[in-house]
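The values are calculated or read from the model by the stated rules, or taken from the named source; none is laboratory data. Note that the coordinates shown come from a computational prediction; the quantities given were computed from them, not determined experimentally. Ligands, DNA and RNA are stripped out before the accessible areas are found, and what is left, the full protein with its side chains, is counted by its heavy atoms. Shrake-Rupley method; radii C 1.70, N 1.55, O 1.52, S 1.80 Å.
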Amino acid sequence: MSEDGLVRSDAGWFDTARRRRIGLPEAIYAPGKAETDLVALIEQSLASGEPTIVTRVERELAERLVDRFDLRPYPALERRAPMVALAGNPVPSSSLERVGLVGILAAGTSDRPVAAEAACVIETLGHRTRFVLDCGVAALARSVRAMEEVADADVVVVVAGFEGALASVVGGSMAQPLIAVPTSTGYGAARGGETALWAMLATCAQGVCVVGVDNGFGAGCAAVRIVGAAGRNA
């Protein structure tokens, strides 16, 4: 390992010092990588002692990696998700000055994999999540009940496809920092998440932050940054 925390292998460089710099570890993005490269990068990450996060892993490959490295899958492998995130070397909550609580609201069951990716980041970095599934605006009473369940959260992540309306409903009802994640769930004019993205960006609920389509990883990182800042300023 070099002095700047960079480790090199045939799979490329791995930045083991990133969490010390910005509070977030380097993650491993699986699509486009050969299985041998993923194995090498995971070995580097685990050996460094840093939290290990692998995103967008195809299900069959994820099953092999879980068996090989004893990683935790998000969502659990008994769920029929085509892609999962994997986690290892989690940060002990006892090592943090302050453990945050992040509420994650997934509008529909189809949004679960994206929401789970956010949970993977948050939990691997030592914070807690409270996950509420199937609380979209098609039955507004469910949305109201979901907000009650995360009323004590430090940050709320809202994951929704179709027209993305749940972000506006939550953003207009709760005071917590809110991170909206549009998903590619939906028919026709949903346009693979584009409609939800523009709707969230155009929301009249002030102060809603929006990440890219299906970017649960980015939402999880943003939530951890917010919780970390709250802890430093407490």
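Volume per residue of the convex hull around the Cα atoms, evaluated for region 3-89, comes out as 89 Å³. Using a probe radius of 1.4 angstrom, the carbon and sulfur fraction of the accessible surface of region 10-101 is 46%. Roughly what % of DSSP beta bridges within region 7-128 run antiparallel, to the nearest 5? Of the beta bridges lying entirely in region 7-128, close to 80 percent run antiparallel. Backbone amide hydrogens, once placed in the peptide plane, bring Val155 within less than 5 Å of Leu101, Gly103, excluding anything fewer than 5 places away on its chain.
What fraction of the DSSP beta bridges in the chain is antiparallel, stated in percent and rounded to the nearest 5? If we restrict to bridges inside the chain, about 35 percent are antiparallel. For the chain, the solvent-accessible area of protein heavy atoms averages 48 Å² per residue (probe radius 1.4 Å; ligands and nucleic acids excluded). Length gained on full extension, Leu201 to Arg80, computed as 0.36 nm times the residue gap minus the Cα-Cα distance: 40.5 nm.
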